[in-house]
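For reference, the structure discussed in these notes is given below.
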Amino acid sequence: MSKIDPSKYALDTLAVRAGQSRTNEAENSEPIFLTSSFVYQNAAEAAARFAGDVPGNIYSRFTNPTVHTFEERLAAMEGGERCIATSSGMSAILTTCMALLRGGDHIVSSLNVFGTTVGLFNNVLAKFNLNTTFVSLTDYAAWANAITPATKLLFLETPSNPLTEVADIQRLADLAHQHGCLLVVDNCFCTPALQLPFKFGADIVIHSATKYLDGQGRCVGGAVIGSEALLGEEVFGFLRTAGPSMSPFNAWVFLKGLETLKIRMQAHCDNAMKMAEWLQSQDKIARVYYPGLKNHPQYELARKQQSGAGGIVSFEVQGGREAAWKVIDATRIYSITANLGDTKSTLTHPATTTHHKLTAEERLQTGISDGLIRISVGLEDINDLIEDMDQALASV
Ligand SMILES: *Cc1c(COP(=O)(O)O)cnc(C)c1O
């Protein structure tokens, strides 16, 4: 079977079909190629493959059929030409920076990004003279002011974690391009089911496949998506040489995840909306953060840029850390874990977990109060989730 032409089909079809080419065994579902290397008919064929004269697999550090099917499918869904799968979301960001930047280059990043991303920029890349300036996600003047002649890359997540702030991708893409920079968007929270950053001018999309792409909290993986021109030589070359590669087994799990991504994301959005509305009606809750609520500061922008508000809801309990911990501990069905994007609803206390490395002042600056709780709303029955939260709130 030959592969389908991605330009001819809608997202739902691509999610199920893109990138698949059947073997002679005529299997319906995608096989897992658990093999580290590939063999040749003869020495001449081996030489031709190594010289790049003939296409074909050599070694699974850089090409593997199962991983490749995942790459083609995710690229098709995001509307990008090329995808490079990586061993984790963090290695996707590392690969992008190591491949496309060199010592002396400068990054401007939103401060409201995944905590480990801040650590990667500050503690790892800085050792190689790649320095980062952090700005508030929605302060567009600060983005413009932070750009220097050395700036090569602007980096953001939208909606942000855990406060669900929404950035105008088109506006930041225009700013990046005025200065000859690349705009990199970590599309983890929305996934291509809800947001397509390339439509708004992004140059590179990053994924932690660990989250919604898997969707059931099983495997760690990541991806970089972009044009062939950007990814083909440098990014693929880095992967091939440095080796932060995705395992074929994980790629197969993510492939199965992509097939149900859109219906899962819709169900996450429906549950999250009901949860946000219910939380907002509770006396003990000072504030709810969810882009689907009309009082969210970027409600209109989120409606324009996203086809759903997502599965992450954060809220502030009155009574600070003590009250927040009490609520978390009193729940019965939520998982207390920092992971997100799972069928299982999870609860996180950002101030003492994902954001504990920030100083109290930095937390204040980024709006992460001691009473803040983040819910990654899963796919359990929403009435059960609300009832459980109701009895947990009664404990404070
Ligand atoms: C989890 C996460 C990452 C890192 O991904 P890993 O797969 O854990 O390495 C990057 N960005 C965001 C937004 C995340 O939530």
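Which of the residues that make up the stretch 311-346 are among the β-branched types (Val, Ile, Thr) and away from the ligand (no atom under 16 Å from the Cβ)?
Across the stretch 311-346, the qualifying residues are 317, 327, 328, 331, 333, 336, 343.
Restricting to the stretch 90-131, name every residue that is closer than 25 Å to residue 365 by Cα, away from the ligand (no atom under 16 Å from the Cβ) and in a loop (DSSP other than H, G, I, E, B).
The answer is 130, and nothing else.
Please go through the stretch 167-186 and pick out each residue that is more than 16 Å from the ligand (Cβ to nearest atom), of a type in the set (A, V, I, L, M, F, W, C) and assigned to a helix (DSSP H, G or I).
Passing the criteria: 172, 173, 175, 176.
Hey, can you tell me all the residues within the stretch 229-252 that are under 12 Å from residue 85 (Cβ atoms) and surrounded by fewer than 21 Cβ atoms within 10 Å (Cβ to Cβ)? Step through it out loud before you land on a result.
Kept after step one, since they are under 12 Å from residue 85 (Cβ atoms), are these residues of the stretch 229-252: 231, 235-236, 239, 244-248, 250-252.
Scanning the stretch 229-252 gives 236, 244, 247.
Considering 185, 220, which residue is buried (at least 24 other Cβ atoms within 10 Å of the Cβ) and aliphatic (A, V, I, L, M)?
Numbers: 220 fails: buried (at least 24 other Cβ atoms within 10 Å of the Cβ).
Being buried (at least 24 other Cβ atoms within 10 Å of the Cβ) and aliphatic (A, V, I, L, M) holds for just one of 185, 220, which is 185.
Could you tell me which numbered condition residue 193 fails, if it satisfies all but one of (1) at pLDDT 95 or above; (2) touching a Lys or Arg at 6+ places or on another chain (Cβ under 7 Å); (3) more than 21 Å from residue 378 (Cβ to Cβ)?
Result: residue 193 passes all but (3).
Of all residues in the stretch 261-308, which are of a type in the set (Gly, Ala, Ser) and open to solvent by less than 20 Å² (accessible area, probe 1.4 Å)?
Restricting attention to the stretch 261-308, the residues satisfying the condition of being of a type in the set (Gly, Ala, Ser) are 267, 272, 276, 281, 286, 292, 302, 307-308.
Hits for the stretch 261-308 are 272, 276, 292, 302, 308.
With the requirement that a residue be surrounded by fewer than 10 Cβ atoms within 10 Å (Cβ to Cβ) and acidic (Asp, Glu), what does the stretch 10-35 give you?
25
Given the criteria assigned to a loop (DSSP other than H, G, I, E, B) and modelled with pLDDT of 95 or more, does residue 80 qualify?
yes
Taking residue 57, is it over 20 Å from residue 213 (Cβ atoms), part of a loop (DSSP other than H, G, I, E, B) and more than 15 Å from the ligand (Cβ to nearest atom)?
For residue 57, the condition - over 20 Å from residue 213 (Cβ atoms), part of a loop (DSSP other than H, G, I, E, B) and more than 15 Å from the ligand (Cβ to nearest atom) - is met.
Among the residues of the stretch 48-97, which ones are of a type in the set (Val, Ile, Thr), in contact (Cβ under 8 Å) with a residue 60 or more places away in the chain and touching a strand residue (DSSP E or B) at 6+ places or on another chain (Cβ under 9 Å)?
The first filter runs over the stretch 48-97 and keeps only residues of a type in the set (Val, Ile, Thr), leaving 54, 58, 63, 66-67, 69, 84, 86, 93, 95-96.
Applying the additional criterion that residues be in contact (Cβ under 8 Å) with a residue 60 or more places away in the chain yields 66-67, 69, 84, 86, 93, 95-96.
If the condition is that a residue be of a type in the set (Val, Ile, Thr), in contact (Cβ under 8 Å) with a residue 60 or more places away in the chain and touching a strand residue (DSSP E or B) at 6+ places or on another chain (Cβ under 9 Å), then 67, 84, 86, 93, 95, 96 are the ones that fit.
Under the condition of being open to solvent by 70 Å² or more (accessible area, probe 1.4 Å) and touching a Lys or Arg at 6+ places or on another chain (Cβ under 9 Å), which residue from the stretch 36-58 is modelled with the lowest pLDDT?
The qualifying residue modelled with the lowest pLDDT is 55.
List pairs: first in the stretch 179-197 and in the same structural domain as residue 108 (by TED's automatic domain parsing), second away from the ligand (no atom under 16 Å from the Cβ) and open to solvent by 10 Å² or more (accessible area, probe 1.4 Å), Cβ under 6 Å, 6+ apart or cross-chain?
Between residues of the stretch 179-197 that are in the same structural domain as residue 108 (by TED's automatic domain parsing) and residues that are away from the ligand (no atom under 16 Å from the Cβ) and open to solvent by 10 Å² or more (accessible area, probe 1.4 Å), the close pairs are 179/147; 181/152; 182/203; 183/203; 193/262; 194/307; 194/308; 196/79.
Could you tell me whether the stretch 325-347 includes any residue that is out of contact with any Lys or Arg (no Cβ under 8 Å at 6 or more places or on another chain), closer than 27 Å to residue 220 by Cβ, among the small types (Gly, Ala, Ser) and open to solvent by less than 20 Å² (accessible area, probe 1.4 Å)?
yes
All but one of (1) within 18 Å of the chain's Cα centre (by Cα); (2) on the phi > 0 side of the Ramachandran plot hold for residue 269; which doesn't?
Here residue 269 clears every test but (2).
Does the stretch 156-166 contain any residue that is free of Cβ contacts under 8 Å to residues at least 60 places away in the same chain, in a strand (DSSP E or B) and in the same structural domain as residue 93 (by TED's automatic domain parsing)? It would help to see each step written out before you state the result.
We begin by selecting, within the stretch 156-166, every residue free of Cβ contacts under 8 Å to residues at least 60 places away in the same chain; these are 156-157, 160.
This time we only want the ones that are in a strand (DSSP E or B), so: 156-157.
Pick out the ones that are also in the same structural domain as residue 93 (by TED's automatic domain parsing) and you get 156-157.
Yes: the stretch 156-166 contains one or more residues that are free of Cβ contacts under 8 Å to residues at least 60 places away in the same chain, in a strand (DSSP E or B) and in the same structural domain as residue 93 (by TED's automatic domain parsing).
The values are calculated or read from the model by the stated rules, or taken from the named source; none is laboratory data. Worth saying up front: this structure is predicted, and the values here are computed from it rather than measured. All Cβ positions, even for glycine, are placed from backbone atoms using ideal geometry, and neighbour counts span all protein chains on display. Accessible surface is based on the protein model in full, side chains and every heavy atom, while ligands, DNA and RNA are left aside. Shrake-Rupley method; radii C 1.70, N 1.55, O 1.52, S 1.80 Å.
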